[in-house]
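Asks: Pasting a structure below so you can have a look.
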Amino acid sequence: MSGRALEINGRKVWLLENGDGAPLLYLHGFADVHSLKDSWLPFHEQLAQSCRVIAPAHPGCAQSDENKDVDVIEDVVFHYLEVLDALRLDKFDLVGHCLGGWIAAELAVRHPEKIRKLVLIGASGLFVQGALIGDIFMNAQPEFGSSYATLREMLFSSADQPNALEMFPDGKGELEDEVRRYQMLRLSSRVGFKPPYFYNLPLKNRLHRITSPALIIWGEKDGFVPRSHGETFAKLIPNSGELKIISGAGHSVHVEKPEETAKLVSEFLQQ
Amino acid sequence: MAYPYLDKDFDEKEYSGWVTVPNKLWDNNKARGLYQEYIDQLALADELGFDGMVLNEHHQNIYGLMPSPNMIASALTQCTSRGKIVILGNLLPLHMNPMRVAEEYAMLDQMSNGRLIAGFAPGGGPETFNYDVPSANTREKFWEAADLIVRSWTDDGPFAHEGRYYPLRYVNLWPKPLQKPFPPVWIPGSRSPSTMTEVAKRGYCYFLSSRSHGGETHRAQQEFAQVLEKHGDQYQPFRFGILMSTYVAETDQQARAECEEGVWYFLKNCLKGHLRKVGRQLTYGPGVPYIPAAAWREYMKSYQPGRKLLGDVENWEELEASQSIIVGSPETVARRISALIEKAKVGNLLIQFQLGNMPDHLARKSMKLFAEKVAPILRHDSLIQFTKEYPGINVEQSAQAVH
């Protein structure tokens, strides 16, 4: 594992790289590398056994500089076009979780030719009538001054799931973990708060532009992005298979079931 | 301006008094005439010689029933004649176009014959959720809006505002405010150095939004004084204000007996969701990420999870220690507030008299006793203190306002 900073338009973009082989761009979600931890999770390490995983921290997350001009998801997409230029990535596999999945889908509808294969895991970004994405902002405010049980419940299969308790403990966690969590929420408030929450209305009608094969993965008990969003992605992306459900997992599938999820992804990429 | 008709089991049954508090609890049979009662209380303050009447903006809650303080201010322009009308303030990021605030404030200044004190506030956690206002850029939006409003009052129009958040091609305010160069501007804050700095740069007044008054109030005053000096300005007590509550009755014992129900209603119901850890405290936290990450890191270093907030006090002694609600005979209240003024060197006291479900007649009695027996002492003592400590100060400026 090695971390390094790119400089793009005077702003620092922090990224981690791991493994050899075909490039895979990984865009993080909430319970994830950069948004909570400064290192890879087992899921990424397993992916890195068969490809070169590149995981940038979103603007304002981890050691990436904040960009006050980010107002809407389009601004993040443009940021990533510049990251791709800097990395000289013309064609790559793209894997995104949650907000990272939303960015991935937005990139794919604009530049389908750049994507070899697309994997969306619990991706936000869609508006599905009657199935609003959860309010992570309110749930990030502790109950009784110190409990994050409802936040854990939203992001994992249950509030006392072991990974959930380790990543989002009650009271005060490790200072830097807390800061990374805050940074991710701050970026989310820029792009995902309005409209409430985490969607771009036109995205749905643009999904038909995606040409690459796509794999859509959802946790059986996703309490943050309803499963109907996964079904919609799977239905509207032309080259997508059936929605893959990981049983027993919540929103953070790749944390709760790293081996199973990584295996699904690796097999899809190697097909 | 609380909703005073909640059942006794509200705290037990309901999760919050803010944002999600079920509006089926609103009861027209009980609430008919409530606004009139509150407006009459404010008008009474004017009759009693208070320097002003303070209004503020809140949404979707039982704590303050003033989503639009400008409407109450409008009524006050018609039924009062002397005191300042202090709106503290309009929550600028909640408005799509700041010109609406500039226009309404200008109208109110005209309608009140130049009695408006124009407050601007960015709004806090609950309002973020009420109006779906993204947090990360609220401070930038707020200051752009505030500066645009003041410019629209002072610069000849039409001009184009080439702003980041509120670009406008034709800014041309009709009417203009009556006060020149423009109505006094007051800004509330919670000791953030950046807010103090922005206030100092513009020569506005700073209000501490905290409700508890221990050493922190004194520290806030010192910090603000330092910031002013850094900007070539000088502190004087009327640049600074605090928010407090009081209840005055004939004796200490009677005061406590008369106000206690209203006080607990206020603390346990009205502050639930705001200044209580029970339920979900929406006012400050990572879900409302309006400060930069570096500032959050500093805050987290000393953050104590589960620490008690004002509404978590469990008994009268703890409440007294918080110096948030000062209760007693005129002598007791005068002595305690005088001590607070002496230490915090504060010239503007925003005083809440009606607490929770306190009956109208008690709130009015307390206001009268305060005006007759407490205010003269405070004015006298602070006059001596301020003229000694701040030679050249204009003591004619307001000293107390009713909230």
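The values are calculated or read from the model by the stated rules, or taken from the named source; none is laboratory data. No experiment lies behind these values; they were computed from the predicted model shown. So basically every Cβ, Gly included, is an ideal-geometry build from the backbone, and we count neighbours across all protein chains shown.
Asks: Specify the residue that is surrounded by the fewest Cβ atoms within 10 Å (Cβ to Cβ); the eligible residues are those in the range A:149-171 that are in contact (Cβ under 8 Å) with a residue 12 or more places away in the chain and within 12 Å of another protein chain (Cβ to nearest Cβ).
Replies: The qualifying residue surrounded by the fewest Cβ atoms within 10 Å (Cβ to Cβ) is A:GLY171.
Asks: Then there's this: If you check A:GLU174, A:GLU220, which single one turns out to be of a type outside the set (A, V, I, L, M), away from every other protein chain (no Cβ under 14 Å) and surrounded by fewer than 18 Cβ atoms within 10 Å (Cβ to Cβ)?
Replies: Values: A:GLU174 fails: away from every other protein chain (no Cβ under 14 Å).
Residue meeting the stated conditions: A:GLU220.
Asks: Is it true that some residue in the range A:102-113 is more than 14 Å from chain B (Cβ to nearest Cβ), in contact with a His (Cβ under 8 Å, 6 or more places away or on another chain), crowded, with 24+ Cβ neighbours inside 10 Å and within 24 Å of A:LEU215 (Cβ to Cβ)?
Replies: yes
Asks: Hey, another quick one. Which of (1) free of Cβ contacts under 8 Å to residues at least 60 places away in the same chain; (2) not in a loop (DSSP other than H, G, I, E, B) does B:THR332 not meet, given it meets every other one?
Replies: Going through the list (1) free of Cβ contacts under 8 Å to residues at least 60 places away in the same chain; (2) not in a loop (DSSP other than H, G, I, E, B), B:THR332 breaks only (1).
Asks: May I pose another question? Which of the residues that make up the range B:269-289 are assigned to a loop (DSSP other than H, G, I, E, B) and either within 8 Å of another protein chain (Cβ to nearest Cβ) or acidic (Asp, Glu) (or both)?
Replies: Answer for the range B:269-289, where residues must be assigned to a loop (DSSP other than H, G, I, E, B) and either within 8 Å of another protein chain (Cβ to nearest Cβ) or acidic (Asp, Glu) (or both): B:LYS277, B:VAL278, B:GLY279, B:GLN281, B:LEU282, B:GLY285, B:PRO286, B:GLY287, B:VAL288, B:PRO289.
Asks: Here is a further query. For A:GLY130, only one of the following conditions fails: (1) farther than 14 Å from A:ASP222 by Cβ; (2) not in a loop (DSSP other than H, G, I, E, B). What is its number?
Replies: Answer for A:GLY130: the failing condition is (2).
Asks: Taking the residues in the range B:290-310 that are hydrophobic (A, V, I, L, M, F, W, C) and within 20 Å of B:SER209 (Cα to Cα) as candidates, determine which candidate is nearest to the other protein chains (Cβ to nearest Cβ).
Replies: Restricting to residues being hydrophobic (A, V, I, L, M, F, W, C) and within 20 Å of B:SER209 (Cα to Cα), the top hit is B:TRP296.
Asks: What residue, of A:ILE54, A:ILE103, is modelled with pLDDT of 95 or more and in a strand (DSSP E or B)?
Replies: None of the others qualify; the one that does is A:ILE54.
Asks: Take the residues of the range B:338-388 that are of a type in the set (S, T, N, Q) and in a helix (DSSP H, G or I): which is surrounded by the fewest Cβ atoms within 10 Å (Cβ to Cβ)?
Replies: Ranking the candidates gives B:THR387 first.
Asks: Further question on the same structure: Within the range B:120-171, count every residue that is farther than 19 Å from B:ALA102 by Cβ, among the small types (Gly, Ala, Ser) and more than 11 Å from chain A (Cβ to nearest Cβ).
Replies: Qualifying residue count for the region: 1.
Asks: Oh, and also: Does A:VAL225 count as within 14 Å of chain B (Cβ to nearest Cβ), buried (at least 19 other Cβ atoms within 10 Å of the Cβ), under 17 Å from the mean Cα position of the chain (by Cα) and closer than 16 Å to A:GLY96 by Cβ?
Replies: no
Asks: Taking the range B:217-247 only, how many residues are out of contact with any strand residue (DSSP E or B) (no Cβ under 7 Å at 6 or more places or on another chain) and either under 26 Å from B:LEU319 (Cβ atoms) or not basic (Lys, Arg) (or both)?
Replies: Qualifying residue count, the range B:217-247: 16.
Asks: Right, here's the next one. For A:LEU185, are the conditions met, namely being crowded, with 21+ Cβ neighbours inside 10 Å and within 23 Å of B:TYR299 (Cβ to Cβ)?
Replies: yes
Asks: Here's another thing I want to ask about it. For the range B:318-329, which residues satisfy the criterion of being among the hydroxyl-bearing types (Ser, Thr, Tyr) and assigned to a helix (DSSP H, G or I)? Give the steps one after another, and end with the answer.
Replies: Initially, the range B:318-329 is screened for residues among the hydroxyl-bearing types (Ser, Thr, Tyr), giving B:322, B:324, B:329.
Passing the criteria: only B:SER322.
Asks: OK, next. Could you tell me how many of the residues in the range B:91-110 are touching a residue at least 60 places away in the same chain (Cβ under 8 Å), crowded, with 20+ Cβ neighbours inside 10 Å and of a type outside the set (Asp, Glu)?
Replies: Count: 5.
Asks: Out of the residues in the range B:73-90 meeting the condition of being out of contact with any helix residue (DSSP H, G or I) (no Cβ under 6 Å at 6 or more places or on another chain) and in contact (Cβ under 8 Å) with a residue 40 or more places away in the chain, tell me which one is farthest from B:THR128 (Cα to Cα).
Replies: Selected residue: B:LYS84.
Asks: Oh, and also: Since B:TYR3 meets every condition but one in (1) closer than 30 Å to A:ASN139 by Cα; (2) touching a residue at least 40 places away in the same chain (Cβ under 8 Å); (3) more than 19 Å from the chain's Cα centre (by Cα), which condition does it not meet?
Replies: If we test B:TYR3 against (1) closer than 30 Å to A:ASN139 by Cα; (2) touching a residue at least 40 places away in the same chain (Cβ under 8 Å); (3) more than 19 Å from the chain's Cα centre (by Cα), just (3) comes out false.
Asks: So, A:ALA86, is that one over 26 Å from A:LEU264 (Cα atoms) and away from chain B (no Cβ under 14 Å) or not?
Replies: Against the criterion (over 26 Å from A:LEU264 (Cα atoms) and away from chain B (no Cβ under 14 Å)), A:ALA86 qualifies.
Asks: Could you check the range A:233-266 and list, in sequence order, the residues that are hydroxyl-bearing (Ser, Thr, Tyr), surrounded by fewer than 22 Cβ atoms within 10 Å (Cβ to Cβ) and part of a loop (DSSP other than H, G, I, E, B)? Walk me through how you get there before you give the answer.
Replies: Of the range A:233-266, the ones hydroxyl-bearing (Ser, Thr, Tyr) are A:240, A:247, A:252, A:261, A:266.
Narrowing further to those that are surrounded by fewer than 22 Cβ atoms within 10 Å (Cβ to Cβ): A:240, A:247, A:266.
Across the range A:233-266, the qualifying residue is only A:SER247.
Asks: OK, next. So, in the range A:198-217, of the ones that are surrounded by fewer than 23 Cβ atoms within 10 Å (Cβ to Cβ) and out of contact with any helix residue (DSSP H, G or I) (no Cβ under 7 Å at 6 or more places or on another chain), which residue ends up farthest from the other protein chains (Cβ to nearest Cβ)?
Replies: Of everything passing the filter in the range A:198-217, A:PRO213 is farthest from the other protein chains (Cβ to nearest Cβ).
Asks: Looking at the range A:118-133, can you tell me whether even one residue there is more than 14 Å from every other protein chain (Cβ to nearest Cβ), surrounded by fewer than 17 Cβ atoms within 10 Å (Cβ to Cβ), among the polar types (S, T, N, Q) and out of contact with any Pro (no Cβ under 9 Å at 6 or more places or on another chain)?
Replies: Yes: the range A:118-133 contains one or more residues that are more than 14 Å from every other protein chain (Cβ to nearest Cβ), surrounded by fewer than 17 Cβ atoms within 10 Å (Cβ to Cβ), among the polar types (S, T, N, Q) and out of contact with any Pro (no Cβ under 9 Å at 6 or more places or on another chain).
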